[in-house]
Amino acid sequence: MCAHILVAEDDEMQAELIRRLLLREGHSATVVHDGRAAIDEAQAQRPDFVVLDLMLPKVDGLGVCRVLRQDGDIPVLMLTARANEEDVLLGLELGADDYMTKPYSPRELMARIRTVLRRTQRPAESTPLLRVGDITVDAARHQVTCAGEPVACTPGEFQILLAMAAEPDRVFSRQQLLQHTSGYDRASTERAIDVHIMNLRKKIEPKPRKPIRLLTVFGVGYKLTGGRSGS
């Protein structure tokens, strides 16, 4: 599973370490040291994955992530020394797929990248469409539609919808949904899933505060339904 990965890290020693680790894994890597260069490189080269430092000069990591999400669904893993929950949740709200705090284990970083790449690889074209009410999830093309309109999902959001669409009306706990994403810092795992669900509701619900498709089962988790009744 070789990929072209963009590394945006202003610490040159850290950036070089990550680059060498990626090359050892069989990937190719481009390194930039500021947020403006990260945006330009991502738009020019369309990498398969972005490792993104949060505290970049010129444009910070949150600003870079916001632009990347406007342009497409490239998987993004954020690296930062800021470990408070608010920063984690803000990164996820902007569309980051994973989040690691510094200092981190190089082995864990490579494992996280492998996991996200594996889950965002397109499966064989024979994979059937999944339909739940007026929501369609096309695993082969990594596409979602709702009432016939395309829905732009981050890789993490897509994996959650894919799992739930495969088993309509099944109630998934937050921990079960985490198994279908790449995993986050343990202190913020459940909140991370809540953020994904909130973002998905904004995209697939007529009234996100009164969902009829992506429902909460209080004290248990979430389920995806055909949208015929509210909750």
Quiz item: Are any of the residues in segment 144-157 over 19 Å from residue 91 (Cα atoms), modelled with pLDDT under 90 and either surrounded by fewer than 18 Cβ atoms within 10 Å (Cβ to Cβ) or not small (Gly, Ala, Ser) (or both)?
Solution: yes
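For every residue, the table says whether it meets (1) touching a helix residue (DSSP H, G or I) at 6+ places or on another chain (Cβ under 6 Å); (2) more than 17 Å from residue 181 (Cα to Cα); (3) not in a strand (DSSP E or B).
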position: 57; (1), (2), (3): no, yes, yes
position: 65; (1), (2), (3): no, yes, yes
position: 74; (1), (2), (3): yes, no, yes
position: 78; (1), (2), (3): yes, no, no
position: 86; (1), (2), (3): no, yes, yes
position: 96; (1), (2), (3): yes, no, yes
position: 100; (1), (2), (3): no, no, no
position: 107; (1), (2), (3): no, yes, yes
position: 111; (1), (2), (3): no, no, yes
Practice problem: Kindly indicate whether any position in segment 16-29 is assigned to a helix (DSSP H, G or I) and under 21 Å from the mean Cα position of the chain (by Cα). | Solution: yes
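The values are calculated or read from the model by the stated rules, or taken from the named source; none is laboratory data. For clarity, every value in this text was computed on a predicted model and none was experimentally measured. Neighbour counts run over all protein chains shown; Cβ positions are idealised from the backbone, glycine included.
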